[in-house]
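I have placed the structure first, in the form of structure tokens, so that the comments after it can refer back to it.
The values are calculated or read from the model by the stated rules, or taken from the named source; none is laboratory data. Only a predicted model underlies this, so the values are computations on that prediction, with no experimental measurement involved. Note that we place each Cβ from the backbone using ideal geometry, even for glycine, and neighbour counts take in every protein chain shown.
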């Protein structure tokens, strides 16, 4: 077990320390006492805590060294899952395409709507879970060619 542990921990962790061994044993016992299998993947148990269907959420907390934040506190593991109720909300990357134009992609991780009846209630959460980045149009041509484009004019909004 120590060889496996060394591959998944910081380089300077003293796995021979009684404190580390006790903490590891306590963690194993906590999982054994829950409905979670010892070999369960994070994708199987770390799920969106706000959607009605299971949507796997990757990540962890800053103290764990995670870049992508996903917190499920408080959680007693009694239902066999970590329900993520806090974490990243908006993620965007920008790079340059071969044509020299910016290429922006991202997510609103909790989706576009908080209304469970809306078709946008879990759209981006599912895309985020599958790491299917949403491309953000940058040029006027890309914006105009977007099949989902909706335009509003302030004058029209004022009349409504």
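Just to be sure before I move on: is residue 128 under 29 Å from residue 37 (Cα atoms) and not assigned by TED's automatic domain parsing to the domain that holds residue 45 in the structure I sent? Yes: the conditions hold for residue 128. Looking at region 116-123, is at least one residue surrounded by 14 or more Cβ atoms within 10 Å (Cβ to Cβ), at negative phi and not in a helix (DSSP H, G or I)? Yes, the conditions are met somewhere in region 116-123. For region 25-50, the tally of residues that are part of a loop (DSSP other than H, G, I, E, B) and either out of contact with any helix residue (DSSP H, G or I) (no Cβ under 7 Å at 6 or more places or on another chain) or at pLDDT below 90 (or both) stands at 10. Of note, residue 67 satisfies the criterion of being outside any strand (DSSP E or B), out of contact with any helix residue (DSSP H, G or I) (no Cβ under 6 Å at 6 or more places or on another chain) and within 30 Å of residue 142 (Cβ to Cβ). Scanning for something exposed (fewer than 11 other Cβ atoms within 10 Å of the Cβ), touching a strand residue (DSSP E or B) at 6+ places or on another chain (Cβ under 7 Å) and closer than 23 Å to residue 52 by Cα, does region 90-97 turn up at least one residue? The answer is yes; a qualifying residue exists. Every condition in (1) outside any strand (DSSP E or B); (2) without any contact (Cβ under 8 Å) to a residue 12 or more places away in the chain is met by residue 94 except one, and the failing one is (1).
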